[in-house]
Amino acid sequence: MHAVVVYEAQFGNTRQIAAGLAEGLRGGATVELRAAADLDQTALRRADLLVVGIATCGWPGSAGCTAAQGRPDSAQPTGSAVRRRLAAGPRLRCAAALYEVRCAGPSTSAELTRLAACLHERGARFVHEPESFLLTSDGLLLGGQRELARRWGAALATRLAVAA
């Protein structure tokens, strides 16, 4: 199995989670770890599993988290670069999973919903509900989040190996 783990990060938290996921996936797959800016059609065509991660901290009402990141809510991007790359890429013939890195509390990310819709429209089949990894009010990963990502990656690899 060939897994491509794509992350979109500005502050490093989403990349840390992607690295943890890649560690877990390596028990059952070859893994490419790519920033959204480096995602290309070749990687998408090779993928048996595509795991995409974005930071969703910064939705309206999360002033504490965006303040910790140094940006007001109004400065948040209107769409993820990874979604734009996926929309312009080839038809997907792979399994997929999504994750978000966000402040504690309920997930209200419209971008995560749009990203899921884009993957579905491109042909990906989801093998897991979107996963959330949490930040402190200071914008740092809560303790143990990278280990949770590693375990989730191992579980995804096992689930796909059993399905194959």
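Scan (1) in contact (Cβ under 8 Å) with a residue 12 or more places away in the chain; (2) part of a helix (DSSP H, G or I); (3) in contact with a strand residue (DSSP E or B) (Cβ under 8 Å, 6 or more places away or on another chain) for the single condition residue 107 breaks and write down its number.
Unmet condition: (2).
Given (1) assigned to a helix (DSSP H, G or I); (2) of a type in the set (A, V, I, L, M, F, W, C); (3) under 16 Å from residue 152 (Cα atoms), where does residue 31 come up short, assuming only one miss?
Here residue 31 clears every test but (1).
For residues that are of a type outside the set (Val, Ile, Thr) and part of a loop (DSSP other than H, G, I, E, B), scanning just region 133-147, find the one that is surrounded by the most Cβ atoms within 10 Å (Cβ to Cβ).
Top of the filtered list is 139.
Only one of these conditions is not met by residue 150: (1) buried (at least 19 other Cβ atoms within 10 Å of the Cβ); (2) farther than 16 Å from residue 4 by Cβ; (3) touching a strand residue (DSSP E or B) at 6+ places or on another chain (Cβ under 8 Å); (4) not acidic (Asp, Glu). Which number is it?
Against the list (1) buried (at least 19 other Cβ atoms within 10 Å of the Cβ); (2) farther than 16 Å from residue 4 by Cβ; (3) touching a strand residue (DSSP E or B) at 6+ places or on another chain (Cβ under 8 Å); (4) not acidic (Asp, Glu), residue 150 comes up short only on (3).
Which members of region 31-90 meet the condition of being under 15 Å from the mean Cα position of the chain (by Cα), at pLDDT 85 or above and loosely packed, with under 14 Cβ neighbours inside 10 Å?
37, 38, 84
Give the residue that is nearest to residue 56 (Cα to Cα), with candidates limited to residues of region 1-22 that are crowded, with 18+ Cβ neighbours inside 10 Å and either charged (D, E, K, R) or free of Cβ contacts under 8 Å to residues at least 12 places away in the same chain (or both).
This residue is 8.
How about region 128-140: which of its residues are touching a residue at least 40 places away in the same chain (Cβ under 8 Å) and in contact with a strand residue (DSSP E or B) (Cβ under 6 Å, 6 or more places away or on another chain)?
Answer for region 128-140, where residues must be touching a residue at least 40 places away in the same chain (Cβ under 8 Å) and in contact with a strand residue (DSSP E or B) (Cβ under 6 Å, 6 or more places away or on another chain): 133, 135.
Is it the case, given these coordinates, that residue 123 is among the small types (Gly, Ala, Ser), out of contact with any strand residue (DSSP E or B) (no Cβ under 6 Å at 6 or more places or on another chain) and closer than 21 Å to residue 91 by Cβ?
Values: among the small types (Gly, Ala, Ser): yes; out of contact with any strand residue (DSSP E or B) (no Cβ under 6 Å at 6 or more places or on another chain): yes; closer than 21 Å to residue 91 by Cβ: yes.
Against the criterion (among the small types (Gly, Ala, Ser), out of contact with any strand residue (DSSP E or B) (no Cβ under 6 Å at 6 or more places or on another chain) and closer than 21 Å to residue 91 by Cβ), residue 123 qualifies.
The values are calculated or read from the model by the stated rules, or taken from the named source; none is laboratory data. What you see is a predicted model; the values in this text were computed from it and never measured. When we count neighbours, we look across all protein chains shown, and the Cβ atoms used for this are built from the backbone with ideal geometry, even at glycine.
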